[in-house]
Amino acid sequence: MSDLILRRAVSLALTGAALCSFVLQADQPRPLQDPPLLDIKRALLAPLTKAQQQAGAPQPDEASLNWDVVFTRSQLWNPNTNSWDQVNLRSYQGSKIDPKAPFVAPTLRVFPGETIRATLNNKLPVDPSCISHSEGVNSPHCFNGTNMHTHGLWINPAGNSDNVLISINPTVSFQYEYNIPADHPAGTFWYHPHRHGSTAIQVASGMAGALIIQGTRQPTKDRTGDIDLLLTSSPNQTFKERTMVFQQIQYGCYTKPTKPGEEPVLKIDAKGAYICDPTDVGEILDYAGFGPGGWSKSGRYTSINGAVQPFFADAKAGQVERWRMVHAGVRDSINLKVVKLTGQQLQGPVSAADEQKLLQKSCTGALVPQHQIAADGLTLSEIDSTEVTVFQPGYRWDTLMMFPEGGQYCVIDDAAAASANVDQTPSEPQLLGIVQVANSAGPVTSTIGQQLIQSAKINISPDMQNAVISDLQTGLKLSHFIPHPSLPETPNKQHLEFNIETVVDSETKEKVTLFEIDGEPYKPGRIDRDLILGNTDEWILTSKLASHPFHIHVNPFQVVAVLDPNGKDVSGDDAVDDFDTSKKLPDPQYRGIKGKWKDTMWVKNAMGKSYTVIVRTKYQRYIGDFVLHCHILDHEDQGMMQNVRISLPSATGGVSKGHH
């Protein structure tokens with residue numbers, strides 16, 4: 001029996017192990033709910049029980065989480081059939097998991113200086129390919145092995161901290177310890193599996209969650225503070241916060257083997273759409289659905305917090321909302337737009353058959369501006385207003401939203417040209433959800449800027465109030481809340497090029513696709529870059545074939561410039577990226593990105609030619625081995641990754657090699 005058939009047999013045998021009990025009727029709207037919040041500080045401050053006190057137990061100074069990694073049977077809404085699909089997918093079960101939404105992990109909230117201990121108990125079926133895999137390390141394998149990556153956190157990459165170079169195999173338990181530095185920036189981050197060979201299949205199953213570093217630090221004359229203070233509610237003013245995890249859960253249904261040795265095959269029609277019969281149970285058994293056009297053709301919908309087409313509740317005209325948004329999908333771009341719904345109000349989810357008509361004829365009202373305050377968790381130097389927020393896999397954006405009047409609003413993944421999408425295919429618009437906004441007591445007359453100024457008068461210390469308010473009055477600047485100073489020019493250069501190459505295997509004579517960085521696929525144990533602690537480097541990023549989101553662990557980077565193939569910088573506030581003449585409109589995703597700090601960045605190739613993305617980073621505090629990679633996760637699993645080492649300086653211009 002092949003590994004695939006064995007995994008499927010054991011998977012189906014366990015489908016009842018974590019069966020969710022909820023059932024929703026097809027015509028019922030699913031309310032958008034934040035993922036369950038696991039508040040680390042609240043856990044630390046929780047009073048001891050009487051029994052604990054009598055036993056002399058000390059007050060804990062760290063929080064412990066326990067998650068079992070298992071197959072979970074549940075259901076997901078399918079607009080194509082206007083019904084619920086039964087699915088059986090890998091998931092987390094344990095601390096704060098919502099049984100009604102098991103395919104999104106809870107939100108972790110932690111304050112700088114605190115410690116998280118997270119134990120993963122791998123209870124997935126035994127997977128022989130985790131021990132021995134004849135097809136090579138860059139062939140997807142070990143689907144039941146796992147580990148954990150805290151994406152964007154500035155913490156130790158080694159040992160039992162943010163170490164992605166380990167494999168937690170079935171039947172093995174392992175406890176991670178994340179020590180958050182006291183000076184860690186506040187912001188929106190996330191966590192997900194990162195076991196090379198199975199990252200995509202597990203993230204595509206919904207194994208991902210938001211991770212919030214909550215800040216309470218006041219700005220001073222010598223130190224910047226946390227933007228969270230400006231968004232703190234008071235008796236006279238309320239701010240609403242939503243955490244939104246966008247996922248692309250790419251389950252499919254498979255043929256049933258009819259003879260020994262026959263492997264199940266993903267069921268698709270001639271156009272690439274997935275087929276699931278009424279008695280089928282959706283699964284992700286292999287990487288057959290991953291690849292250019294796979295997601296867009298599949299008929300699957302991007303979910304928000306585990307729900308497809310949810311209704312956003314508790315919105316009120318004139319109230320400022322902070323949307324913490326995480327692209328936790330595998331490979332499809334998201335172009336987020338919010339517009340007023342005109343005409344008849346919706347009472348429930350929209351079928352795929354009616355969706356395009358709705359988008360073209362009813363989701364046509366006034367556009368709601370999105371006021372960006374943070375990119376990849378890091379506060380911007382000023383608030384940027386945009387009509388469309390572009391997410392590539394791994395991106396996070398924090399925006400401020402204020403709805404001018406009551407009614408319903410369409411949350412849309414807008415259409416985009418091929419060169420703006422991971423899939424390299426043009427995308428149609430898709431309805432992500434509906435915001436139900438209640439009317440305010442009177443006309444909305446205040447602006448977001450005025451509301452932030454009012455908050456500053458209450459929440460910012462008196463010695464810094466005038467400086468913060470002056471900034472807000474002058475172009476909505478946030479200079480007293482940015483976590484990193486700009487990096488200076490440096491002669492130190494790092495060059496990186498993504499590529500996908502097809503070659504003929506010298507032994508089998510078959511064509512093989514190689515996913516490469518700098519002309520080489522990933523090799524465990526090979527250190528591709530040895531960098532020096534304390535150095536500032538400038539990275540020049542290009543892509544020879546297709547576009548790829550570059551992500552590096554531990555240290556974020558500042559965007560210096562993005563040059564189109566003709567050498568025009570398209571990253572300025574007023575820049576226009578119109579190199580791709582096949583597009584009807586310019587690509588908005590690079591405009592205004594200059595100077596921003598990020599940890600994931602789209603390296604674009606349009607019409608067969610590469611853009612040049614230039615960023616700077618400084619290696620601070622942490623030494624050790626970690627990785628950089630393409631955040632199209634099936635590309636990473638197949639070799640588009642490098643090992644990076646940060647070493648102590650030798651004091652003579654190189655890296656220290658130690659006593660041996």
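About its Cα centre, the dipole of segment 566-640 is roughly 320 debye, where the only charges are +1 on Lys and Arg Cβ and -1 on Asp and Glu Cβ. Tell me which of C630, V562, M641 sits at the most positive position along the dipole axis of segment 493-647, charges placed on C-beta atoms (Lys, Arg +1; Asp, Glu -1). Checked the options; the winner is V562. Using Cβ point charges alone (K and R +1, D and E -1), the dipole size of the chain about the Cα centre works out to roughly 960 debye.
The listed peptides 75-87, 192-204, ordered by packing as a protection proxy, come out as 192-204, 75-87 (highest mean of other Cβ atoms within 10 Å first). Would you please classify the overall shape of the chain from the alpha carbon gyration tensor, given that a ≥ b ≥ c denote the square roots of the eigenvalues, rounded means a/c under 1.5, and beyond that prolate means a/b larger than b/c while oblate covers the rest? Rounded, because the longest to shortest axis ratio a/c is under 1.5.
Sequence-distant contacts, meaning Cα pairs under 8 Å at least 6 residues apart, place the relative contact order of the chain at 13 percent.
Can you divide the C-alpha Rg of segment 194-236 by 2.2 N^0.38 Å and report the result to two decimal places?
For segment 194-236, the normalised Cα radius of gyration comes out at 2.00.
Judged by the mean number of other Cβ atoms found within 10 Å, the most tightly packed of the peptides 471-480, 576-585 leads the ranking 471-480, 576-585. For segment 493-647, taking the reciprocal of the average inverse distance between every pair of different Cα atoms yields a Kirkwood hydrodynamic radius of 16.5 Å. Based on DSSP H segments of at least four residues, each scored -39500 (n - 2.57), the chain has a per-residue ellipticity at 222 nm of -3000 deg cm²/dmol.
Counting only DSSP beta bridges whose two residues both lie in the chain, roughly 75 percent are antiparallel. Please name which of P462, P106, T364 has its Cα lying farthest along the dipole of the chain towards the positive end, using unit charges on Cβ (Lys, Arg +1; Asp, Glu -1) and the Cα centre as origin. Value: P462. Charging the Cβ of each Asp and Glu at -1 and of each Lys and Arg at +1, and nothing else, the dipole of segment 493-647 about its Cα centre rounds to 460 debye.
Distance between the 7 Å Cα→Cβ label points at A353 and T232: 5.4 nm. Each peptide in 33-40, 262-269, 543-550, 520-527 gets a packing score, the mean of other Cβ atoms within 10 Å over its residues, and the list from highest to lowest is 543-550, 33-40, 262-269, 520-527.
Distances between placed amide hydrogens fall under 5 Å for N535 paired with Y619, all partners being 5 or more residues away or on another chain. Ordered by the number of other Cβ atoms lying within 10 Å of each residue's own Cβ, fewest first, I284, I383 fall into the sequence I383, I284.
No lab work stands behind these numbers, since they all come straight from the coordinates. On a predicted model such as this, the values are computed, not experimentally measured, just so you know. As a convention, Cβ positions derive from the backbone with ideal geometry for all residues, glycine included, and neighbour counts pool all protein chains shown.
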